[in-house]
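Notes follow once the structure below has been shown.
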Amino acid sequence: MYIDKIDKNIDLDYIKSKLNLQENDVVFISGSLIESINGNFSKNVGNIYSDIDIFIIKDNFENNTHIDYDEGFSQIYFRNINGILMDITVYLKKDIYKLLENINNVELNKNERIKNSLKFPGKWNHRVTNEFLNRFYYSIPIQNEEEYYDIYKSMNFKKFCNLTKQRLIASIDNLQNDIVGNIKSGNLHTSLYCMRELFILFSKVVIYDNYELVDRDKWVLPKLFAIIESKNSKLDFIINLYNDIFFHPKLDEKI
């Protein structure tokens, strides 16, 4: 498999031979470099210094010394395989299937706080779930493809996107009060900072509204601009807003 951004061929069979895999492990590669290949709006995601991410879904965690981080919901270790940096993350199958079930069962209830509408397995939370689903959504399977596609086809990505969009809108509502309050108090630098933060949240709303995912703020703008480009000028006002908030020549003078 050739990856243009790092100008390297990746031997997937060789990589698998270095991972101590079990036969029923579900394995896929992902990360920004892979997303840039198969994401609809991700051509500018990833760069020459980006890693290749490998994800393994197993029946049980391994109890050995080669794990660099054990976060309770995942185990992470780093390897240099054939000159390519690899981030390897291991998840439990029972957690993934429980997450799949819980997302499919979500119902947005007006009488329930949006943050309480999705139940997470074990030590998972919304950030962890979003990160996993982002990597899974833009991934390529390299072992146990049948089970991989069973999980992929059953995972309700659209429902998760709608849920995440509602969470983001709630955060925007809260941040608006901070902006107004800081303006009234004369804290204009803080207000400008909050306005820029609000723009990033708004950008994420646009991304999830198009049923795309993002798990790193650094990739929000490349994906946003790619979406805007695809809409034939219908969202050009967002670029004008971005330039005003981040680059307007009068901002420092006014503050």
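We did not get these values from a lab; they are worked out from the coordinates using the rules stated. Worth saying up front: this structure is predicted, and the values here are computed from it rather than measured. With ideal geometry, Cβ positions are generated from the backbone for all residues, glycine too; neighbour counts draw on all protein chains shown.
With a 10 Å Cβ neighbour count serving as the proxy for reagent exposure, in which order, fewest first, do Y242, Y2, Y149 appear? Don't skip to the end; give the middle numbers.
Values: Y242 19, Y2 9, Y149 12.
Ordered from fewest to most neighbouring Cβ atoms within 10 Å, Y242, Y2, Y149 come out as Y2, Y149, Y242.
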* Structure fact -> Proxy exposure order for S32, S154 (fewest C-beta within 10 Å first) is S154, S32
* To do: Step through the residues of region 9-16 one at a time and calculate ³J(HN,Hα) from phi using the Karplus curve (6.51 cos²θ - 1.76 cosθ + 1.60, θ = phi - 60°), rounding each to whole Hz and writing x for Gly and Pro.
  => 8, 10, 8, 5, 5, 5, 4, 4
* Computed over the Cα atoms, what is the radius of gyration of the chain divided by 2.2 N^0.38 Å, N being its residue count? -> 1.13
* In terms of the Cα gyration tensor, with a ≥ b ≥ c the square roots of its eigenvalues, is region 42-115 rounded because a/c is under 1.5, prolate because a/b exceeds b/c, or oblate? -> oblate
* Structure fact -> For region 1-112, the charge dipole (Cβ of Lys, Arg +1; Cβ of Asp, Glu -1; about the Cα centre) points to a positive end, and the Cα of N104, I56, I84 closest to that extreme belongs to I84
* Pick out which of K184, K218, K93 has the largest mean-square fluctuation in a Gaussian network model of the chain, springs linking Cα atoms closer than 10 Å. => K184
* Structure fact -> Amide H neighbours of I10 at under 5 Å, excluding residues fewer than 5 places away on the same chain, with H built from the backbone geometry, are Y2, I3
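Using Cβ contacts closer than 10 Å as the measure, can you line up K204, K8 from fewest to most? Numbers along the way, then the final one.
On the way: K204 23, K8 14.
Lowest to highest Cβ neighbour count: K8, K204.
If each DSSP helix of 4+ residues adds -39,500 (n - 2.57) and the sum is divided by the residues in the chain, what number results at 222 nm, nearest 500 deg cm²/dmol? If you can, show how the numbers build up before the last one.
Numbers: 10 runs with 124 residues, N = 255.
Here the helix-only value at 222 nm equals -15000 deg cm²/dmol.
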* Structure fact -> Most fluctuating of E197, E23, E145 in the GNM of the chain (C-alpha, under 10 Å) is E23
* Relative to the longest principal axis of the C-alpha atoms of the chain, give the angle of the C-alpha long axis of helix 93-104, reported between 0 and 90° and rounded to the nearest 10°. => 40
* Asked: What nm distance separates the two modelled labels at S154 and D4, each placed 7 Å from Cα along Cα→Cβ?
  -> 3.6
